[in-house]
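The values are calculated or read from the model by the stated rules, or taken from the named source; none is laboratory data. Remember, it's a predicted structure, so these values are computed and weren't measured experimentally. Here the Cβ is made from the backbone with ideal geometry for all residues, glycine too, and neighbour counts use every protein chain on show. Surface areas here come from the heavy atoms of the whole protein model, side chains and all, with no ligands, DNA or RNA. Shrake-Rupley method; radii C 1.70, N 1.55, O 1.52, S 1.80 Å.
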Amino acid sequence: MSPQLRLYAIVTTLAFALVAIPAFAMDASQAFVASGCDAPSYDQRTLTDEVQGQVSLNFLLDEKGEVVDAKITGSSGFRVIDKESMRALKACRFQVGVTPGWNNLAFVWKLK
């Protein structure tokens, strides 16, 4: 196998492995319900651009554990992952019985 072909095979394999890397949440004041919240994930463009950062969010929960309002309190500096973090948070459903009110959460976007 030629060196160029070997390099291409390695790069292609790594690219496919990275496509499914999700961001992960840290410092959440309430636990996610496993079936109700998916971590945001990289799209191909953000992978190619090697975008990384942390998005801090402040969000309001109602009595049902639904996010009724949210705002970014700390931007990553990249609009695409800020928007994806907000989208993922608004789709979350927290455990029934959580105390309604304002909470904090941060999504960390890091390539491994």
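Taking the criterion of being of a type in the set (Lys, Arg) and without any contact (Cβ under 8 Å) to a residue 24 or more places away in the chain, the residues of segment 56-80 that qualify are Lys71, Arg79. Residues in segment 81-105 that are surrounded by 15 or more Cβ atoms within 10 Å (Cβ to Cβ) and among the polar types (S, T, N, Q): Ser85, Asn103. The residues of segment 67-112 that are of a type in the set (Phe, Trp, Tyr) and within 12 Å of the chain's Cα centre (by Cα), listed by number, are Phe107, Trp109. So for segment 66-80 (the condition being out of contact with any Cys (no Cβ under 9 Å at 6 or more places or on another chain), among the hydroxyl-bearing types (Ser, Thr, Tyr) and open to solvent by less than 30 Å² (accessible area, probe 1.4 Å)), does at least one residue qualify? Yes, some residue in segment 66-80 is out of contact with any Cys (no Cβ under 9 Å at 6 or more places or on another chain), among the hydroxyl-bearing types (Ser, Thr, Tyr) and open to solvent by less than 30 Å² (accessible area, probe 1.4 Å).
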